[in-house]
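Encoded as structure tokens, the structure appears first; notes follow it.
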Amino acid sequence: MTWVITSLCQDKVDMACVEVCPVDCIVKRTDDSPDWPNQLYIDPDECISCGVCEPECPWEAIFEDEQVPEIFSENIALNAKIVDERDDFEVPEKPDDGDMPSPADVEANKEKWGFTG
Ligand code: SF4
Ligand code: SF4
């Protein structure tokens, strides 16, 4: 079992989850490869499934693998795929605190991805 970061993180990347992960398995691509959306990923080989990251995510982008909504199911494989290119990912530094999204912002982001849950 692992946890998965979904597309709801894409272009948000505020890194709120990074600080709380006890095993530093939340990572970011180190280059701008077009094959990889601009979001964070969880290394499934290192995640200890503690669940601490989930409530920290202001965009509600993190799910246990068995609970990932169907519309984001491809994100499970995308997170897992980082294992094959692990040297191209690293634990990012958290920038200075930015603005927290409003509930309306969070809902608008979900709607953008067609997620109604
Ligand atoms: S579930 Fe725990 S170990 Fe896994 S990514 Fe989240 S904080 Fe890290
Ligand atoms: S807290 Fe959520 S939105 Fe922010 S970087 Fe982590 S997964 Fe992405």
Study note, to complete from the structure: By residue number, the members of the range 32-60 that are touching a Cys at 6+ places or on another chain (Cβ under 7 Å) and of a type in the set (S, T, N, Q) are Q39
Check your understanding: V27 versus (1) surrounded by fewer than 20 Cβ atoms within 10 Å (Cβ to Cβ); (2) more than 9 Å from ligand 1 (Cβ to nearest atom): which is the lone unmet condition?
Key -> (1)
Exercise for review: For residues that are more than 19 Å from E111 (Cα to Cα), out of contact with any Asp or Glu (no Cβ under 6 Å at 6 or more places or on another chain) and at pLDDT 95 or above, scanning just the range 4-21, find the one that is nearest to ligand 2 (Cβ to nearest atom).
Suggested key: V18
Review point. Of the residues E56, E107, E93, which is without any contact (Cβ under 8 Å) to a residue 40 or more places away in the chain, among the charged types (D, E, K, R) and within 15 Å of ligand 2 (Cβ to nearest atom)?
Key: E107
Check your understanding: Among the residues of the range 71-88, is there at least one that is in contact (Cβ under 8 Å) with a residue 60 or more places away in the chain, away from ligand 1 (no atom under 15 Å from the Cβ) and assigned to a loop (DSSP other than H, G, I, E, B)?
Key -> no
Review point. Using beta carbons and a limit of 6 Å, which pairs, at least six apart or on different chains, have the first residue in the range 23-41 and closer than 15 Å to V52 by Cβ and the second one exposed (fewer than 10 other Cβ atoms within 10 Å of the Cβ) and modelled with pLDDT under 95?
Key: none
Point to revise | Residue within the range 41-56 that is in a strand (DSSP E or B), within 14 Å of ligand 1 (Cβ to nearest atom) and surrounded by 20 or more Cβ atoms within 10 Å (Cβ to Cβ) present | key: yes
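The values are calculated or read from the model by the stated rules, or taken from the named source; none is laboratory data. Model, not experiment: these values are computed from the prediction. Every residue, glycine as well, gets a Cβ built from its backbone with ideal geometry; the counts of neighbours run over all protein chains shown.
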